[in-house]
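We did not get these values from a lab; they are worked out from the coordinates using the rules stated. Bear in mind that the values here come from a model prediction, so they are computed numbers and not experimental data. All Cβ positions, even for glycine, are placed from backbone atoms using ideal geometry, and neighbour counts span all protein chains on display.
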Amino acid sequence: MRSAPVRPWFTVEPIGSDTFVFSEYRHWEETHCYLLLGEARALLIDTGLGVRDLAPLVRAHTALPVLAAATHVHWDHIGSHGSFAQRGVHPAEAAWLRRFPLPLTQVRQDLTRGFHDFPSGFDPDAFTPFAGEPTCLLNDGDEIDLGGRRIQVLHTPGHSPGHLCFYEPDRGWLFTGDLIYEGTLYAFYPSTDPLAFARSVKRLAALPVTRLFPGHHRLEIPCDLLARTDAAFDALAARGQLHQGSGLFDFGPIQIHI
Ligand SMILES: [Zn+2]
Ligand SMILES: [Zn+2]
């Protein structure tokens, strides 16, 4: 009798020869992590939920030293941070990496509140997010030189105080974390800031962008999602609704919960 094939937790998609997307489609969050290879170093943007360790997969794709950077320190973006010796965050969220101020029961509820198809042996009741020291701080305007490939750090607060986007000017590629994706954008938690969110989106919308790489959900999103998100925030501001607690608003491919 043949046993059923083991389904991988991460889906891998190459983009050209020097960029890889690792996605968690077996979970409602549908997270995406991005591995960018240069000639001398690699940048890993986010490390997933932490249901499975991402490090072996990263190692299978590169022998270069890897900087694991967090777009922000929500538990679903730092899951495998502990497996990397180099960990970068914005200074505003360094303390969150050491200890995120959310009860474990809440994290475990979030982990299981939507569709999930966990690998056998994984126990969500025992799930504990990564907590540890950052090894470097990433600030707005920093340039990460990977060797023949330059990545700019953009501080884009709003969804969280130290949220970062990563921009590759030579290609016009923008890695947007939780600031731009199709689905519901969140700016209603106490640590969010809807006005800063709107300003960050406007800043991104002014960049020459050829491709967007979101933190969640559909991977292939049109570049005009940036302008549409910007227009959505403008509409909320014009109606006096751009403040916390005003509700959930539907703008077609995106919803904004503030
Ligand atoms: Zn988040
Ligand atoms: Zn997220």
Turns out the strands (runs of 3 or more DSSP E) fully within the range 152-232 with at least 1 residues that are over 17 Å from residue 93 (Cα atoms) and away from ligand 2 (no atom under 13 Å from the Cβ) are 164-168, 173-177, 211-214
Qualifying position, being more than 30 Å from residue 17 (Cα to Cα) and of a type in the set (Lys, Arg), among 149, 108, 87: 108
If the requirement is being more than 16 Å from ligand 1 (Cβ to nearest atom) and within 17 Å of the chain's Cα centre (by Cα), which of these qualifies: 68, 63? 68
Does the range 89-97 contain any residue that is more than 16 Å from ligand 1 (Cβ to nearest atom) and buried (at least 23 other Cβ atoms within 10 Å of the Cβ)? no
Given the structure, is residue 178 among the charged types (D, E, K, R) and buried (at least 23 other Cβ atoms within 10 Å of the Cβ)? yes
For the range 100-129, which residues satisfy the criterion of being touching a strand residue (DSSP E or B) at 6+ places or on another chain (Cβ under 9 Å) and either surrounded by 12 or more Cβ atoms within 10 Å (Cβ to Cβ) or in a helix (DSSP H, G or I) (or both)? 111, 116, 118, 124
Taking the conditions exactly as written (farther than 17 Å from residue 215 by Cβ and either within 17 Å of the chain's Cα centre (by Cα) or β-branched (Val, Ile, Thr) (or both)), does residue 152 satisfy them or not? yes
Those residues that are in a strand (DSSP E or B), of a type outside the set (A, V, I, L, M) and more than 12 Å from the chain's Cα centre (by Cα), I need them from the range 25-60; list them, please. 27
Among the candidates 48, 16, 38, 82, single out the residue that is at positive phi and more than 15 Å from ligand 2 (Cβ to nearest atom). 16
Would you be able to tell me the number of residues in the range 4-34 that are farther than 21 Å from residue 212 by Cα and more than 16 Å from ligand 1 (Cβ to nearest atom)? 7
Of the numbered conditions (1) within 13 Å of ligand 2 (Cβ to nearest atom); (2) part of a loop (DSSP other than H, G, I, E, B), residue 147 fails exactly one; give the number of that condition. (1)
